[in-house]
Structure formats: C-alpha cells, structure tokens
Amino acid sequence: MAGYDYDLFVIGGGSGGVRGARMAAGTGAKVAIAESYRYGGTCVIRGCVPKKLLSYASHFHEDFEDAAGFGWTVPQPSFDWAKLIANKDKEIDRLEGVYEKLLKGAGVEFYHGHARLLDAHTVEVGEQRFTAKIILIATGGAPSFPMEPGWEHGISSNEAFHLEELPKRVVIYGGGFIAVEFAGIFNGLGSEVTQVYRGPQILRGFDDDIRNTLAGEIVKKGVNLVVETTIDRIEKREKDLLVHLSDGSEVECDLVMAATGRSPNVHNLGLEEVGVELARNGAIKVDEFSKTTVDNIYAVGDVTDRINLTPVAIQEAMAFVDTVYRDTPRAMDHADVPSAVFSHPPVGTVGLTELQARERHGALDIYRSTFRPLKHTLSGRDEKTMMKLIVAKDTQRVVGVHMVGLDAPEIVQGMAVAIKAGATKQVFDATVGIHPTAAEEFVTMREPIPGDQAKAAE
Ligand code: FAD
C-alpha cells in the first residue's frame, strides 16, 4: 500500500458499499468508507425494509375481514399512522446502528459526508482528503421526478416514509414495482388510491400473465388504475391538490407521489474529470468484473444500472472482493435473478418471461394454473392465485417461473434454486408436493396449455 492512506476507499454506505468494505477488510485490506446520508443505504433506510414493514401493516386490513369466515368476531379495528411510522423509524434506527457496528467490527474506518474524487486515487470528504489504491463507487440511485408543472407539490418514495399523517386520497404516478407496492400500501391502510400510468399495463418487463392478473386483482381491491394516461399538471389548491390528466379528467387528492423511475447517483462525484465514463442515463459503465474505464476504480449496485436490487448489489460487491482481494477473478452472474413485487397479492418471478423465452428458445410448453387459494374458500375473498411455468420444448428445461398470489415471493425463492440448477420439467414432475399448499401446484401441473399464448402487452 506504499504511499496510500488506504488499500480501498468505498463511496456509499448502502447494500453494495457496506458489503464490499466489510469483505475487503476481512481479507486484511485497510479500508475506509464514506456515506452522505445514513449507513444502510436505500434498502434499509428508505427502500425494501421500511416498504415491507408498511406493506405488512396494510395487510392487516384484509386479515381482520378474512377472520370472520373462520369464526372470529373482530371489534372494529382502528389504525394509527403515527404509531406505525414511529415503530418503523425505531427499527430503521436499530438497523442503521447494526450496519455501523458491522463496519466497526470488520475494522473499516467510516466517515459521514459527501465524498468526491479529486483524482483517480484521492477522495475528498468534507474538509478531509484521503488517498487509496483502489476506489469502489456504490452510490446507488435516487428518484427522478417528472418535468410537468406542479411537481414541486409532489413527493417521491423517499418522503412517503415520513408523512405526518395518512393521506385520505392519493395519486400514484408510475407503473413499476415501487408504484404498485405503494398503491397497495395506501389502499390497504384505507386511503383512496388512483394509480396513473402512461403505458398500457403495469409492471413493464414482467410476464404478461403476471401483469394482467395483478392489474385485475388490484382493481378488485379498490385501486383506481388509469393506464395510457399521463399527468399534465398538478394544481395546488387551498386545502388539497388537483391533478390534471392527459385524457382531460381531473383527480382531487391530498398527496401525489411520483414513482416514475430512478437515476444513478453520480452528481458531484468528480467522475468524468478522472475519466470514468458514464452511459447516457448517467450510469457508470463497467466491465463484467465491475471495473470502470479507469483501472483502479470499480463500481457496483444501482449506480451501474444493471439489475437494481439489493441482493444483486451485494453479490456484485462480493465478486469485486474475490476479483481484487482474493486473487480469484469472478464476474457476477446476472442470469435468472429472482425478484418480487410486494403488492396485494404479491408477485414472485424468476427466469424468462414468455416473450423472452420465445425469442430465445422458440417453441415452448406453457403450464398455467389459476385458482382460488384454500384460505379464501372460507374467508370468501374474491382473490385468485396465478402460477405459470415456461418450459423450452426441445430441452424441457424450465426457463421461467411466475406467480401472483399469497406467499409468492417466499415460494419463488425456492424455485429460483431449481432454475439456477437447470431443472427440467421432468425434475419438477418427479418432485413430491407439500399438501395442502399453493406451492405444490408448481410440481403438479401436467398439461401444457394448447396454442400460442404469447401476446405482447406493450
Ligand atoms: P444504495 O443502497 O442506494 O446506497 C447508496 C448509498 O450511497 C446511499 O446511502 C447514499 O446516501 C450514498 N451516497 C450517494 N452519493 C454519495 C456520495 N457522493 N458520498 C457518500 N455517500 C453517497 N430491492 C430489493 O432487492 N427488494 C426490494 O423489495 C426493494 N424495494 C425497494 C423499494 C424502494 C422504495 C426503493 C427506492 C428501492 C427498493 N429496492 C429493493 C432497491 C434497492 O434498495 C437497491 O437496489 C439497493 O439499495 C442498491 O444498493 P446500492 O448499494 O447500489 O445503493
């Protein structure tokens, strides 16, 4: 390390940065990290974790209703938003402390403040300057706002976690997973929700059967889903907001939330000055080993805009450490990354959509089952589960698993192991189900659906 303060300086204390720093320190490297907001990053502080806590909260509404069919009499429940937010904040504070403790325990020196590069080996954090042999950038992403007039009155998911009260009427703008999840959260907690999306169907990029099934279910639950429509303007009135839509209609509401995408956090990092190339959307360009266009500078996670999920950022960071500090160069495998949408009901998915599978494999066998889950035979709730297997006809490999329904994320995580292992339909058929579960349907679907099912939703 001759001449440098550190072997590694990590910029960004989120999922990728913290894991990279800790693992590198574990190999004996002298490591420092800087974080401008709170250790834990988006996922822990204002993403996956608080989002899922709010999602749990919003599910109780239906649980109380469903209990009646099982013989329970539940007194009229009441909900306290301030208590939920306070309890959530307490847990997030605890997790932030855990992250700092983990860094300390691993021997990583950590700093609070915005970091920027002065040259390829020098980082400035506030008034301090440090040199390092290797730099890892893991600065994540930030919500991007639409440009139409009036958005200064809107919020992003960042602020949604800190609202002083539960809004009575909410407009959510967007069709991606964050938009869908927050529509479900506010709807479940009792707000009147309008979700506006410019495309023809929510969840672009997901399998069409997931998109269509989920859209049907969330509409049944009371979300007013308005597609092929944009927000032209937001008007602030004395007591509320008036949202003007492109179809000429107006929606009165108390809160407008943009969930229209996220941009890589590269602002004021000094990247271009040192020769780190960016893609057109601002994402840092990296090779398969997460190396940027500057030899000693690496980048992982959302700032590289590959697959923007926490476990991916973590695995990219671990592959970086193997490559640079363990002398075992390893590229992260971005194939068959499972993911979930914590909607109501939730979505779990791994592998190819039907459209992608047709492009890649040609002829397919499609297995699909739609049914009412056992729980709802007594609850009486009109909610369907949809499960789908996509099988390449020639090799009989299962190349896509998709589910909308209770416990879908928990179920599909297990399925992801089978997909990663290259399981064929015969292996699924030879697997004994667990009865009575919804998951057993994945190993008991026997007849492919006839005909060509591929239909482009967008
Ligand atoms: P981040 O976790 O964003 O960390 C980057 C950190 O860098 C931040 O803490 C930031 O403050 C800091 N930083 C930025 N610039 C600087 C600088 N110049 N100097 C110092 N520090 C800096 N993923 C899932 O897998 N599952 C989910 O359910 C899920 N839900 C989500 C819900 C929401 C509402 C959002 C917004 C995201 C969600 N994600 C989810 C995505 C997930 O949060 C990200 O993929 C993940 O956090 C990326 O990790 P990262 O290390 O790349 O960046």
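Restricting attention to region 26-35, the residues that are among the hydrophobic types (A, V, I, L, M, F, W, C) and under 28 Å from the mean Cα position of the chain (by Cα) add up to 3.
Residues being under 30 Å from Ile137 (Cα atoms), of a type outside the set (D, E, K, R), in a strand (DSSP E or B) and more than 22 Å from the chain's Cα centre (by Cα) are represented in region 273-280 by at least one member.
Quick one: which residue in Ser36, Ser15 is in contact (Cβ under 8 Å) with a residue 24 or more places away in the chain, open to solvent by 30 Å² or more (accessible area, probe 1.4 Å) and assigned by TED's automatic domain parsing to the domain that holds Gly107? Of the residues listed, the single one that is in contact (Cβ under 8 Å) with a residue 24 or more places away in the chain, open to solvent by 30 Å² or more (accessible area, probe 1.4 Å) and assigned by TED's automatic domain parsing to the domain that holds Gly107 is Ser36. For region 190-215, a residue qualifies if it is open to solvent by 10 Å² or more (accessible area, probe 1.4 Å) and either within 16 Å of the ligand (Cβ to nearest atom) or in contact with a Pro (Cβ under 8 Å, 6 or more places away or on another chain) (or both), and the qualifying residues are Gly205, Phe206.
The set of residues from region 325-344 being away from the ligand (no atom under 12 Å from the Cβ) and out of contact with any strand residue (DSSP E or B) (no Cβ under 6 Å at 6 or more places or on another chain) comprises Tyr325, Arg326, Asp327, Thr328, Pro329, Arg330, Ala331, Met332, Asp333, His334, Ala335, His344. Might you check whether a residue that is within 16 Å of the ligand (Cβ to nearest atom) and either closer than 18 Å to His267 by Cα or buried (at least 18 other Cβ atoms within 10 Å of the Cβ) (or both) occurs anywhere in region 61-79? The answer is no, given that none of the residues of region 61-79 is within 16 Å of the ligand (Cβ to nearest atom) and either closer than 18 Å to His267 by Cα or buried (at least 18 other Cβ atoms within 10 Å of the Cβ) (or both).
The C-beta contact set for region 70-90 (first residue assigned to a helix (DSSP H, G or I), second residue surrounded by fewer than 10 Cβ atoms within 10 Å (Cβ to Cβ), distance under 8 angstrom, 6+ apart or interchain) comprises Ala82/Glu164. Apart from one condition, Leu84 fits all of (1) farther than 18 Å from Gly17 by Cβ; (2) in contact with a helix residue (DSSP H, G or I) (Cβ under 6 Å, 6 or more places away or on another chain); (3) surrounded by fewer than 17 Cβ atoms within 10 Å (Cβ to Cβ); the exception is (3). Taken over region 338-367, the criterion of being buried (at least 17 other Cβ atoms within 10 Å of the Cβ) and in a strand (DSSP E or B) is satisfied by Ser339, Ala340, Val341, Val347, Gly348, Thr349, Val350, Gly351, Leu364, Ile366, Tyr367. Residues in region 179-213 that are under 19 Å from the mean Cα position of the chain (by Cα) and within 29 Å of Asp80 (Cβ to Cβ): Ala179, Val180, Glu181, Phe182, Ala183, Gly184, Ile185, Phe186, Gln195.
If only residues of region 91-125 that are free of Cβ contacts under 8 Å to residues at least 60 places away in the same chain, closer than 28 Å to Glu164 by Cα and open to solvent by less than 40 Å² (accessible area, probe 1.4 Å) are counted, the one that is farthest from the ligand (Cβ to nearest atom) is Gly97.
The values are calculated or read from the model by the stated rules, or taken from the named source; none is laboratory data. These numbers were taken from a predicted model, which means no experiment stands behind them. Virtual Cβ from ideal backbone geometry, glycine too; neighbours counted across all protein chains shown. We work out accessible area using only protein heavy atoms, side chains counted, and drop any ligands, DNA or RNA first. Shrake-Rupley method; radii C 1.70, N 1.55, O 1.52, S 1.80 Å.
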